[in-house]
Amino acid sequence: MTMIMPLAPTVAQEDFLSLKDYSSEEILDLLNLAIELKKPENKHLPLLKGKVLGMIFEKSSTRTRVSFEAGMLQLGGHAMFLSSQDTQLGRGETIADTARVLSGYLDGLMIRTFHQSAVEELAEFSSIPVINGLTDDYHPCQVLADLMTLTEHFGELKGRKLAYIGDGNNMANSLMIGAAKVGLDIAIAAPKGYEPQAEMVDLAQAIAKDTGSVVTVTHDPVEAVKNSDAIYTDVWASMGQEAEAIKRLNDFAGFQVNAELVQHAKADYIFMHCLPAHREEEVTADILEGPHSVIFQEAENRLHAQKAVLVTLMGD
């Protein structure tokens, strides 16, 4: 059995709310631990034996729920599903009160919700670690898995280029910050009116100055993809934007990842998607299912990356 070196001394954070809160070294430590935990001989190390994770869902999920629940089980602990409709949160109890009550029952909390402020308030009033499973602003668990996938394929990430094509949403925000933290160049191509928020771009570019990476935002998908090592996309209408779906189909015309666009990337590029995917909208089926696609390796890595976060925050 491989010996896992504890990361607690090198990761000073008490919560996992956004990658902006973590140093480059702390993110690399999490990635290294995730890669170790992925090894078959380390799959069932009881590093969280007897620990309980509460999982609050205000947004539905496949990957987030299953990966956290399976991860806690493999680590010897237990995960408890808490729908907002089935708790007093759905009847008006404040986040602060909920946080203090649940802190007396649980060893950690994961929340998947709409507003980043709700996650931050939960962390403020909790005496146990809080993990951001997704908000409208950030998706740090997904990006940690993405960085793990890129590391598995390319090793050193500095000097590599990631192109993100599509909506300047929570994925674009977290990818910019995560890439900048580890020295990975990133180019975001979004239609006019769908760019990432200016403050998110400014934050990522400020981080990039310290790590030597480049953060670019453009309206030209070809410019973004040119000489890229990886191409990433996401759905054009996320949860809560269903009413805008038809308008977005028109506005995002020309931003599809297809055989023509990927010709501008490096020959050995990899294709990434956080899933679920809408085939023939943001990406064509031949790319999604093609030899360059790593989407299911990427999805599996949610499990291993999150186990690294859980062990680091909740381990003894």
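The values are calculated or read from the model by the stated rules, or taken from the named source; none is laboratory data. Since we're looking at a predicted model, the values are computed, not measured. Backbone-built Cβ (ideal geometry, glycine too); neighbour counts: all protein chains shown.
Just a few scattered comments:
- Test: residue in segment 158-181 that is closer than 21 Å to Glu14 by Cβ and among the hydrophobic types (A, V, I, L, M, F, W, C): yes
- Pick from segment 204-222, criterion under 16 Å from Phe252 (Cα atoms) and of a type outside the set (A, V, I, L, M, F, W, C), ranking: surrounded by the fewest Cβ atoms within 10 Å (Cβ to Cβ): Asp220
- Number of positions in segment 161-184 that are basic (Lys, Arg) and within 20 Å of Asn227 (Cα to Cα): 1
- Qualifying residue in segment 124-138 (condition: assigned to a strand (DSSP E or B), touching a helix residue (DSSP H, G or I) at 6+ places or on another chain (Cβ under 7 Å), under 30 Å from Phe271 (Cβ atoms) and of a type in the set (A, V, I, L, M, F, W, C)): yes
- Here the condition is being in contact with a Gly (Cβ under 9 Å, 6 or more places away or on another chain) and closer than 13 Å to Glu58 by Cβ; of Ile131, Ile111, Ile95, it holds for Ile111 alone.
- Filtering Val294, Val283 for residues that are crowded, with 18+ Cβ neighbours inside 10 Å, at pLDDT 95 or above, outside the structural domain of Leu37 (by TED's automatic domain parsing) and closer than 22 Å to Lys39 by Cα leaves a single hit, Val294.
- Number of the condition not met by Glu281 [criteria: (1) assigned to a loop (DSSP other than H, G, I, E, B); (2) charged (D, E, K, R); (3) touching a strand residue (DSSP E or B) at 6+ places or on another chain (Cβ under 8 Å)]: (3)
- Within the option set Glu300, Glu289, Glu282, being of a type in the set (Asp, Glu) and under 27 Å from Gly50 (Cα atoms) holds for one residue only, Glu300.
Matching residues to (1) surrounded by 13 or more Cβ atoms within 10 Å (Cβ to Cβ); (2) within 30 Å of Ala198 (Cβ to Cβ); (3) in the same structural domain as Gln306 (by TED's automatic domain parsing); (4) not β-branched (Val, Ile, Thr):
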position: Gln88; (1), (2), (3), (4): no, no, yes, yes
position: Ile95; (1), (2), (3), (4): yes, yes, yes, no
position: Ala99; (1), (2), (3), (4): yes, no, yes, yes
position: Tyr105; (1), (2), (3), (4): no, no, yes, yes
position: Gly108; (1), (2), (3), (4): yes, no, yes, yes
position: Ile111; (1), (2), (3), (4): yes, yes, yes, no
position: Phe114; (1), (2), (3), (4): yes, yes, yes, yes
position: Val119; (1), (2), (3), (4): yes, yes, yes, no
position: Gly133; (1), (2), (3), (4): yes, yes, yes, yes
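Residue-wise test of (1) of a type in the set (Lys, Arg); (2) free of Cβ contacts under 8 Å to residues at least 12 places away in the same chain; (3) within 23 Å of Met148 (Cα to Cα).
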| residue | (1), (2), (3) |
| --- | --- |
| Lys192 | yes, no, no |
| Glu199 | no, yes, no |
| Thr211 | no, no, yes |
| Val217 | no, no, no |
| Lys247 | yes, yes, no |
| Glu260 | no, yes, no |
| Ala265 | no, no, yes |
| Tyr269 | no, no, yes |
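- The condition of being basic (Lys, Arg) and closer than 25 Å to Arg302 by Cβ holds for Arg112.
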